[in-house]
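Derivation of every value follows stated rules applied to the coordinates shown; laboratory data play no part. Just so you know, these numbers come straight off a predicted model, no measurement behind them. We place every Cβ from the backbone using ideal geometry, glycine too, and count neighbours over all the protein chains shown.
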Amino acid sequence: MTIGALIRASGLPGLEAEVLMASALQKDRTWIVAHGGEQPTQAEHALIAHYFDRRRAGEPVAYITGSREFFGRDFRVTPSVLIPRPATEELVRGALSFLDHPRTETIDADSGISIVARALRPELSPQTVVDIGTGSGCIAITLALERPEIQVMATDVSGAALAVARENAVLHSVADRVSFLQGKDLDPVRDLAEPFLLVSNPPYVPDDRVLQREVAEFEPAQALFGGEDGADVMRCLSVQAREHPFCTGMIMECQTDQREILE
């Protein structure tokens, strides 16, 4: 079968099938669209069929291809990390804005999702950003790329997630400016003695929330669920940020109905 025929017979939305086909053939999607009449080799056909089967079984496209775009750059992702989402790009934009003009504000990022910034010690000028729960490292690495003058520290409780984040730091040539630490909440930077901005996309989904199958069955639960009301982690981070003498402010992603917790 030709590329075009395989896509039509896949039973998947056209865009998804094209992205998976492009990944299997190591081409870009434009090439796939332009070469629909070509026939893959037997080995390529087997890999394409495998990718299509995985997607039909519910596995997210990003885990199959091993990549997801964030802030215009490609990041490696595995089932050990949450798949980056467009709403989190607003968290990065909010952090960049806070670094220039520290202020307390709430930003609507998506339906039911907000970015909450709180200026705690505006008299201090942060030259360091601490990303809590870094996952793939997309937030920390993007901030390092967008602000070459700052140092970034990224933490996570998961060693597997930190391994992915380190790969992404090397991929984007910022391994010398992003340090990775394993630990919970602000514990890994408890002794940090320089002004810093806390940035986090913490787990904020209530434990009893029913999620889409491809999220619930494939993405890491510890990066999604945050206790009975979803706010356990952000509540802890908020207290620790206010107590830390060098935390200039915090900016976090949360459900819109959780934003008062950070006030």
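Worth a mention:
- The range 3-57: radius of gyration and largest Cα-Cα distance (Dmax), Å: 9.8, 28
- Here the ratio of the Cα radius of gyration of the range 212-263 to 2.2 N^0.38 Å is 1.35.
- Against the main long axis of the alpha-carbon atoms of the chain, helix 232-243 sits at an angle near 40°.
- Taking Cβ atoms as reference points and 11 Å as the exclusive limit, the residues near Gly226 contribute a net charge of -2, counting Lys and Arg as +1 and Asp and Glu as -1.
- For Thr104, distant residues with modelled amide H under 5 Å away: Ala119
- Sorting the segments 75-86, 120-131 by their mean number of nearby beta carbons within 10 angstrom, highest to lowest, gives 75-86, 120-131.
- The angle separating the long axis of helix 159-171 from the principal Cα axis of greatest extent in the chain is about 80 degrees.
- Cβ-based net charge around Glu260, under 12 Å, with every Lys or Arg adding one and every Asp or Glu removing one: 0
- Residues whose amide H comes within less than 5 Å of that of Ala231, counting only those at least five positions distant or on another chain, are absent (H built at 1.01 Å from N in the peptide plane).
- Each Lys and Arg adds +1 at its Cβ and each Asp and Glu adds -1 at its Cβ; summed about the Cα centre, the range 3-57 shows a dipole of about 140 debye.
- Stokes-Einstein D for the range 87-215, Kirkwood Rh over Cα pairs, 20 °C, 1.002 mPa s (µm²/s): 140 µm²/s
- Under 5 Å, built H, 5+ apart or other chain: amide partners of Ser67: Val77
- Under the Karplus curve 6.51 cos²θ - 1.76 cosθ + 1.60, θ = phi - 60°, whole-Hz ³J(HN,Hα) for the range 62-74, x wherever Gly or Pro sits: 4, 6, 6, 7, x, 8, 8, 7, 8, 6, x, 10, 8
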